[in-house]
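Notes for the one structure printed next.
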Amino acid sequence: MITLYDHGVFLVNGTDVVEAPEQLAARYGIHTTKEEAEKGTMAYSILKAHNTSGDMDALKLRFDSMTSHDITYVGIIQTARASGMQEFPVPYVLTNCHNALCAVGGTINEDDHKFALSAAHKYGGIYVPANMANIHSYNRETMAAGGKMILGSDSHTRYGALGTMAVGEGGGELAKQLVGRTYDFARPGVIAVYLTGKPRPGIGPHDVALSIVGAVYKNGYVKNKVMEFVGPGIAGLPIEYRNAIDVMTTETACWSSIWVTDEKTQGYYALHGRAQDYKRIAPAGVAYYDGCVYIDLSTVECTIAMPMHPSNTYTIHELQANASDILHHCQEEANRQLKGVKMDLLGKLRNGHIYVEQGEIAGCAGGTFDNICAAADILRGRSCGNGAFSLSIYPGSMPALAELVRNSRALDLISAGAIMRECFCGPCFGAGDCPANGEFSIRHTTRNFPNREGSKPGEGQISAVALMDARSIAATAANGGRLTAATDLDVTYTHPEYRYDGGIYEKRVYNGWGKPEADTELKFGPNIKDWPEMPALTDDLLVKVCAYIDDPVTTTDELIPSGETSSFRSNPERLSEFALSRRDPQYVGRSKQVRQMERDRRAGRGLSEEVLAVYAALKRAGIETDPEHTDIGSTIFANCPGDGSAREQAASCQRVMGASANFARAYATKRYRSNCINWGMTPFLVEDPSVFALGDYIFIPGVRRAVLSNAPGFTAFAVKPDGAVTPFPVSTGELTQAERQIIADGCLINYYRNR
């Protein structure tokens, strides 16, 4: 049972939920206000300790450490270099877990890895070689600490279960920290996630996590807020169980997370040789929360998130009982989003049972020691079969794999027909084990967005991904691919003790923190290119709508595909060729035409007939223009862009293609909006996007002045191909002073260069 309170609550002594101040006085003799009691949350105390502004409503945060993987670190370091960085001011972990296969693009993946190693030497960083660990397993094991804050360029940067507030953001925010600036943010609201009861055998952390995501994502209950896990149910959860729930809080669209810590947390730190990093963290005697998600863990059932979002949840038994109706519904919903291909889920229903072709247990969510041991308990002495179904298992780190080998759980899984793979994040974002066309994969990974499994709809390919817990995936494997809830099998779970061997990291990880070697030369591969010049914002702006997306939500994967395209992430121009390629394949061609118009204007070659016609239409409508001092750019409209990954390339690729702005009803995440800002694209908000369409122009007079003054609203003009001009209101939402200047300067690099 999950209950969402429709109002704020007080929490007393960490256990009692109280709904009104008068009840506090009547029951406990406590007299306080919401404003005073909100200071009692764990989030407030940690944020206060990291805030440099002196104003808790306008945070300027400095983080204790940072982390990036090999899809993002080159761009971040290049941005920071161009902005004047001399050395890393905080420990900075560079992992190689996303493009570790080195199977695409010749040497370019490994070239980036060697760039990172040279940067770790030059600037004093921590380099984790390919296949040693995924980014979040390594940071849990070595970097998290009670009361600390970690900033990562991966959206699943979440270590709340260890008492660490962690935030996933675009690379621009990490570059700011690298040059000594702060992370500026209005203090977020805090939502209590109250856990009671205990999960039944066979119910795993993904069942709990998916149930939460299904309850809160679509209604925005925790969007851009902190999820604070409290309540007596925490004590019954092992640490890795908590970690696997915590990492999925990203899929709720929350900003960060934090959990009560206890003796089990303390034991985790001691096990990893870091007893000094444990800190007891709990709410004050009375704390106020902006809402509450109340969860009785004993009522959670085996759960599946159907394509194409982690919030599209059903219990497995519900799906089995209504298979035809649910499969048809999910198939129709998926096909409304897909372009040029059709997903067939009803074809997976045979003789009353649902069959899948692939299982994956992987990464920061699925590849934990506890999850893999539970899967081994289920498959011990059983077989995955020799049919179409296959099972691959990716441990989160080499220390975890070493213990799985020592305690023979790896042998149990291999003997059942499973494949043990490297420590690699690929199954989470489409760079490993892509199913065959038309196949259905069940995965204990973080996301099942469109094409996250690696298929290419533009080339006629489509396969489907559903998210499930490792236990139910193993139960399905034991039945040869017939979808099965783990609670339907009689299994004795052994819960073996974990022995951590830190020497595995000591032998291979380069730790140069505090020891920069300034004379080291960075090692550049031929694909590593500098960022192109970005123009400053002109007084007025003219943009052409080069993509118009009316889906309810647009993911970052649709804005810039993950998977093999990420191999080109260190070459801004080449990567930008893939912008929106799986959502609107004509976007790049349209944007290039507009970009060339602006290049011609700047070179003095005059304006195109198309642009001259737009200015003529504006003149007829009585609107003054100054073409010589007006940038011409492209733009996209999406109802709610930016759900999912923190990858800044979702914005930077548009910018490289000549984009000057985004228009949206709302932005799905703070991190995507920040990415737009950091790359000099004005994040416009529009209430009625029907006033313009694909191919129309939008003229925004006085935009520079409006941005710099943080005007609450101003007027833009839509210009149709027939010359019709329609005014409409736009705004940018609240911008910090630094954000205003970054947009005006044209991008974060320009902002620092100018100062």
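The values are calculated or read from the model by the stated rules, or taken from the named source; none is laboratory data. Predicted model only: the values in this text are computed from it and were never measured. Because the Cβ atoms are built from the backbone with ideal geometry, glycine has one as well, and the counts that use them run over all protein chains shown.
Has the range 589-610 got at least one residue that is under 25 Å from the mean Cα position of the chain (by Cα) and either part of a helix (DSSP H, G or I) or crowded, with 17+ Cβ neighbours inside 10 Å (or both)? The answer is no, given that none of the residues of the range 589-610 is under 25 Å from the mean Cα position of the chain (by Cα) and either part of a helix (DSSP H, G or I) or crowded, with 17+ Cβ neighbours inside 10 Å (or both). Touching a Lys or Arg at 6+ places or on another chain (Cβ under 6 Å) and modelled with pLDDT of 95 or more - does that describe any residue in the range 490-511? No - not one qualifying residue is present in the range 490-511. Taken over the range 69-92, the criterion of being of a type in the set (V, I, T) and closer than 16 Å to S118 by Cβ is satisfied by V74, I76, I77. No other residue among T556, T487 is under 30 Å from M308 (Cβ atoms) and surrounded by 22 or more Cβ atoms within 10 Å (Cβ to Cβ) apart from T556.
Pairs are defined by a Cβ separation below 9 Å, a sequence spacing of at least 6 or placement on different chains, a first member in the range 193-212 that is over 25 Å from Y288 (Cα atoms) and touching a residue at least 12 places away in the same chain (Cβ under 8 Å), and a second member that is acidic (D, E) and surrounded by fewer than 24 Cβ atoms within 10 Å (Cβ to Cβ); the pairs so defined are R200/E301; G202/D488; I203/E301; G204/D370; P205/E240; P205/D370; D207/E301. Determine if the range 57-76 includes at least one residue that is without any contact (Cβ under 8 Å) to a residue 24 or more places away in the chain and either under 21 Å from A282 (Cβ atoms) or in contact with a His (Cβ under 8 Å, 6 or more places away or on another chain) (or both). So far as the range 57-76 goes, no, none of its residues is without any contact (Cβ under 8 Å) to a residue 24 or more places away in the chain and either under 21 Å from A282 (Cβ atoms) or in contact with a His (Cβ under 8 Å, 6 or more places away or on another chain) (or both). Of the helices (runs of 4 or more DSSP H) lying entirely inside the range 458-572, those containing at least 3 residues that are not assigned by TED's automatic domain parsing to the domain that holds P585 span 470-478, 503-508.
In the range 1-56, counting only helices (runs of 4 or more DSSP H) that sit wholly within it, the ones holding 3 or more residues that are within 29 Å of K148 (Cα to Cα) span 34-37, 42-50. Taking the condition in the same structural domain as Q741 (by TED's automatic domain parsing) and assigned to a helix (DSSP H, G or I), does L575 pass? Taking the combined requirement at face value, the residue satisfies it. Just to verify a result, which residue in the range 91-117, among those that are β-branched (V, I, T) and crowded, with 17+ Cβ neighbours inside 10 Å, is nearest to G180 (Cα to Cα)? Once the filter is applied, the top-ranked residue is V93.
Scanning the range 169-224 for residues that are surrounded by 24 or more Cβ atoms within 10 Å (Cβ to Cβ), under 22 Å from I304 (Cβ atoms) and either in contact with a Gly (Cβ under 6 Å, 6 or more places away or on another chain) or of a type in the set (D, E, K, R) (or both) gives L195, D207. Which residue is surrounded by the most Cβ atoms within 10 Å (Cβ to Cβ), if the candidates are limited to the range 634-653 and must be out of contact with any strand residue (DSSP E or B) (no Cβ under 9 Å at 6 or more places or on another chain) and not small (G, A, S)? Here the answer is E648. Within the range 420-438, the set of residues being surrounded by fewer than 21 Cβ atoms within 10 Å (Cβ to Cβ) and either farther than 22 Å from P129 by Cβ or within 25 Å of the chain's Cα centre (by Cα) (or both) comprises R421, E422, A436, N437, G438. In the range 59-75, the qualifying residues are those that are outside any strand (DSSP E or B) and in contact with a Phe, Trp or Tyr (Cβ under 9 Å, 6 or more places away or on another chain), and the one that is surrounded by the fewest Cβ atoms within 10 Å (Cβ to Cβ) is R62.
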